[in-house]
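Notes follow the structure.
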Amino acid sequence: MPRFIIHHVTKYTYAEPVRDSANQIMLYPLKDEFQELLSQKIFITGEPFIEVFKDYYGNQIGSFMNIAPHTELRIDSTVSVTTKPRLFPTDDQETSLQWANLEEIKFMVPFIDFLKQENFKDLAEVKAIADAGFYKTVSVYTAVMQLCEYVYKNFNYIKGITTVETTLDEIWKLKAGVCQDFAHILLVMLRLLGIPSRYVSGYVCPSDSSLRGEGATHAWAEAYIPFYGWLGIDPTNNCIVNDLHVRLAIGRSFNDCSPVKGTYKGTAKQHLEVAVTVSHEDGKEVKNEAYVLTPLAVNPALSDADNGNSYRRYIQMMQQQQ
């Protein structure tokens, strides 16, 4: 049962003082039988009161305001969390029964949101790929794993080639991106087959640099397997999610799971810095070296934004997810 200490820092600096900063954070690890939050400390500039509530999908959300003029907003979260291994699905049930079960549940409240497709012009092309390979001819579990492998093998992992504003059609044509792109494409394919699937944000925490996205925020998908439940699959690494992944939030897409959202009054020119450091119980530290800049990591692509305040540009926060 591994234990991780995850230090996640987000920092905005502004060219001139801003005020009336209203923000929402989704930095609270999910708590269930596979994941236990041992402790969490959150420091925010000005030490505002954080109102915590749960959203429709069960995610814990913090909301706060910083009314006074300020030239810096720093959100500093340190969590200690343990994860537990889980049993993987088996194909004990007859294939036809599994697909029949998906037909039965597709209009039920817990699943209906996770079957809705995002706008995507090339659905017919994706369906042709699914039909040619495995559409309902194998078990749901096998289909999920084959789709995960398809995305892993046919999309190139390239940092900086996309942003969270890149559309699904653009990602499909590029056949490249980072973890959130891999996750979104996999969601399209799973939902096309009638498999309820949801977006997950969190961290991946290997100790041996064996997984893409380590030492940063990460994204993957969860698919509903009949007679089993939700199974996490990571198309960026072509693996089933187990005790090396720490979950922060679930939703239909990134828009439901953004680590930070906010708005403020003042200059539109801002500078964003983000860093994540993962320490294992054995004391070993894992960092995303591409971002290291003490005490924060900097993504130059987000520096000195010339237009749009933090509300209009909050989705750039997904640049954390590599």
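The values are calculated or read from the model by the stated rules, or taken from the named source; none is laboratory data. Just so we're clear, the structure is a prediction, and the values are computed from it rather than from any experiment. Positions of Cβ are generated from backbone atoms using ideal geometry, with glycine treated the same way; all protein chains shown enter the neighbour counts.
Put simply, of LEU27, LEU37, LEU73 the only residue that is more than 14 Å from VAL260 (Cα to Cα) and surrounded by 14 or more Cβ atoms within 10 Å (Cβ to Cβ) is LEU37. Of the set (1) free of Cβ contacts under 8 Å to residues at least 40 places away in the same chain; (2) in a strand (DSSP E or B); (3) within 15 Å of THR10 (Cα to Cα), all apply to GLY46 but (2). Could we say that TYR203 is crowded, with 16+ Cβ neighbours inside 10 Å, modelled with pLDDT under 95, of a type outside the set (Asp, Glu) and under 18 Å from the mean Cα position of the chain (by Cα) here? Against the criterion (crowded, with 16+ Cβ neighbours inside 10 Å, modelled with pLDDT under 95, of a type outside the set (Asp, Glu) and under 18 Å from the mean Cα position of the chain (by Cα)), TYR203 qualifies.
Please work out if THR263 is at pLDDT below 95, part of a strand (DSSP E or B) and touching a helix residue (DSSP H, G or I) at 6+ places or on another chain (Cβ under 8 Å). It is true that THR263 is at pLDDT below 95, part of a strand (DSSP E or B) and touching a helix residue (DSSP H, G or I) at 6+ places or on another chain (Cβ under 8 Å).
Take ASP181 and tell me if it is under 21 Å from LYS127 (Cβ atoms), surrounded by fewer than 17 Cβ atoms within 10 Å (Cβ to Cβ) and in contact (Cβ under 8 Å) with a residue 12 or more places away in the chain. For ASP181, the condition - under 21 Å from LYS127 (Cβ atoms), surrounded by fewer than 17 Cβ atoms within 10 Å (Cβ to Cβ) and in contact (Cβ under 8 Å) with a residue 12 or more places away in the chain - is not met. Would you tally the residues in the stretch 70-89 being out of contact with any Asp or Glu (no Cβ under 7 Å at 6 or more places or on another chain), in contact (Cβ under 8 Å) with a residue 60 or more places away in the chain and assigned to a loop (DSSP other than H, G, I, E, B)? Going through the stretch 70-89 one residue at a time, the tally reaches 3. Out of the residues in the stretch 210-259 that are modelled with pLDDT of 90 or more and β-branched (Val, Ile, Thr), which is surrounded by the fewest Cβ atoms within 10 Å (Cβ to Cβ)? Checking each candidate, the answer is ILE240. Can you find even one residue in the stretch 20-39 that is assigned to a strand (DSSP E or B), without any contact (Cβ under 8 Å) to a residue 40 or more places away in the chain and either at positive phi or not assigned by TED's automatic domain parsing to the domain that holds CYS205 (or both)? Yes, the stretch 20-39 has at least one match. Would you tally the residues in the stretch 52-67 being part of a strand (DSSP E or B), farther than 16 Å from ASP20 by Cα and not aromatic (Phe, Trp, Tyr)? Total meeting the criteria: 5. Applying the set (1) touching a Leu at 6+ places or on another chain (Cβ under 9 Å); (2) surrounded by 11 or more Cβ atoms within 10 Å (Cβ to Cβ) to GLN98 leaves exactly one unmet item: (1).
Counted as qualifying within the stretch 124-205 are the helices (runs of 4 or more DSSP H) with 2 or more residues that are β-branched (Val, Ile, Thr) and closer than 21 Å to PRO89 by Cβ, namely 140-154.
Are any residues in the stretch 96-123 in contact with a Ser or Thr (Cβ under 7 Å, 6 or more places away or on another chain) and in a helix (DSSP H, G or I), and if so, which ones? Hits for the stretch 96-123 are GLN98, PHE114.
Scan the stretch 220-260 for residues that are assigned to a loop (DSSP other than H, G, I, E, B) and either β-branched (Val, Ile, Thr) or at negative phi (or both) and the total you get is 14.
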